[in-house]
1. Take the range 97-147 and flag every residue that is under 28 Å from residue 245 (Cα atoms), touching a helix residue (DSSP H, G or I) at 6+ places or on another chain (Cβ under 6 Å) and in a loop (DSSP other than H, G, I, E, B).
2. Of all the residues that make up the range 87-119, how many are farther than 19 Å from residue 56 by Cβ and of a type in the set (A, V, I, L, M)?
3. Sort out which residues of the range 1-12 are assigned to a loop (DSSP other than H, G, I, E, B), open to solvent by 10 Å² or more (accessible area, probe 1.4 Å) and either closer than 16 Å to residue 205 by Cα or of a type in the set (Ser, Thr, Tyr) (or both), and write them in order of number.
4. State whether one or more residues within the range 24-36 are in a helix (DSSP H, G or I), at pLDDT 95 or above, under 16 Å from the mean Cα position of the chain (by Cα) and within 16 Å of the ligand (Cβ to nearest atom).
5. Would the range 108-115 turn up any residue that is basic (Lys, Arg) and either surrounded by fewer than 21 Cβ atoms within 10 Å (Cβ to Cβ) or within 16 Å of the ligand (Cβ to nearest atom) (or both)?
6. Which residues, taken from the range 150-179, are in a loop (DSSP other than H, G, I, E, B) and either charged (D, E, K, R) or over 27 Å from residue 127 (Cα atoms) (or both)?
7. Of all residues in the range 52-67, how many are part of a loop (DSSP other than H, G, I, E, B), away from the ligand (no atom under 11 Å from the Cβ) and open to solvent by 10 Å² or more (accessible area, probe 1.4 Å)?
8. Name the helices (runs of 4 or more DSSP H) wholly within the range 227-297 that hold at least 2 residues that are away from the ligand (no atom under 16 Å from the Cβ) and among the basic types (Lys, Arg)?
Amino acid sequence: MSHRELVVLGTASQAPTRSRNHNGYLLRWDGEGLLFDPGEGTQRQMLFAGVTASEITRICITHFHGDHCLGVPGVLQRMSLDRVPHVVDVCYPAEGEEVFARLRHASLFRDMLHLRERPVGGGDAITGISSFRLEARALSHGVPTVGYRLIEPDGRRMLPEQLAARGISGPDIGRLQREGRLVADGQLVTVDQVSEPKPGQRFAFVMDTRLCDAAFALADQADMLVCESTFADAEAGLAREYGHLTAGQAGQIAAESGVRRLVLTHFSQRYESENGDRLARQAASVFAGEVVLARDLEHVPVPPRRLSADR
Ligand SMILES: [Zn+2]
C-alpha cells in the first residue's frame with residue numbers, strides 16, 4: 001500500500017502566533033519524505049508531529065524569506081547529528097545560492113551531511129525518477145520564488161482474477177508487464193486484457209505569489225494543492241502589493257485547475273483570533289472541491305487515486 005500524506009509542521013506567514021508555527025510541510029510519498037519550506041522551529045515541530053530527520057529525502061525551498069527557510073540550519077544539523085546516511089537533494093531558486101550557503105553554514109557543527117544541491121534555474125524540470133517527476137516554476141513574489149509540483153506518471157494496475165483466469169502467474173506477470181503481450185496456453189494475452197488504467201497522482205505546492213500563470217500550471221489537475229492564502233478577500237490590495245494570494249484567489253486557482261483537495265496555509269497573524277474560518281469559506285465560495293484549512297501538526301492524506309485516467 002502506498003502511503004501518501006502531508007504532515008503540517010507550521011502554517012504562519014511572517015510572524016508565528018501562539019497556535020501557528022512558521023511554515024513547514026513534510027510530504028510523505030511512498031518511501032520519500034519531501035520537506036517543503038522549513039521555517040524557524042521546524043526541528044521541534046517535527047518532533048511533535050512524529051517526523052524523524054532520517055525520513056527526509058529531499059528539501060524544497062520556494063524562496064529565501066525567513067518564514068520559509070530559517071529552519072534550514074536546525075534541520076540540516078539534526079540530520080547530521082542523526083547520521084542520516086542517504087543523499088538528500090536540496091532544491092531552491094538558483095538566485096539564492098549564496099543565501100543557502102549561509103544557512104548551511106550558519107553555525108559550527110560536525111558536518112556529516114550528504115547533500116546534493118539542485119538550484120532551480122529558468123527551466124522547470126528538476127528530476128525525473130521512475131516513480132515521479134519533480135518540477136519547479138517561477139512564481140511572482142518580491143524575491144526570486146519557485147513553486148513545485150510532483151507528477152506520478154499514469155500506469156496500469158494488474159487484475160489478479162484476470163491473470164488467474166488465463167493461467168498467468170509468477171515471472172510471467174513481470175514479462176507481460178514489460179513486453180505488453182504473452183502467449184499463455186496457446187492464447188495471445190495483451191496487458192490491456194488483464195489490467196486497468198492506474199491514473200498517476202499529482203501534488204502541487206504554491207507559496208508566496210501573486211496570481212500568475214505559473215500558479216495555475218503547477219496546480220493543473222493536482223490531487224492535492226497546498227496553496228498560500230495569506231489574506232482574506234477584503235485585503236486583495238495588500239495581497240497584490242506584497243506579492244501574495246487571497247483565500248478567494250487560492251480557491252480560483254484550485255477551481256480553474258481541476259484540483260481535488262485544496263489545503264490553505266501561510267496565514268497572516270491578523271486572522272489568529274477568528275481561526276481562519278473566514279478564509280476557508282472564501283476559498284470554498286469559488287471552489288467546489290474539498291477545502292482544508294491547515295492546522296499545525298495535522299496529517300492530511302492525499303486523496304485516493306482517481307478511478308480513471310480521464311482528467
Ligand atoms: Zn512567506
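The values are calculated or read from the model by the stated rules, or taken from the named source; none is laboratory data. On a predicted model such as this, the values are computed, not experimentally measured, just so you know. Note that each Cβ is placed from the backbone with ideal geometry, even for glycine, and that neighbours are counted across all protein chains shown. With ligands, DNA and RNA removed, areas are computed over all heavy atoms of the protein, side chains included. Shrake-Rupley method; radii C 1.70, N 1.55, O 1.52, S 1.80 Å.
1. Hits for the range 97-147 are 121, 139, 144.
2. Number of matching residues: 4.
3. Scanning the range 1-12 gives a single hit, 2.
4. no
5. yes
6. 152, 154, 159, 166, 167, 168, 169, 170
7. Adding up the residues that qualify gives 2.
8. 277-284
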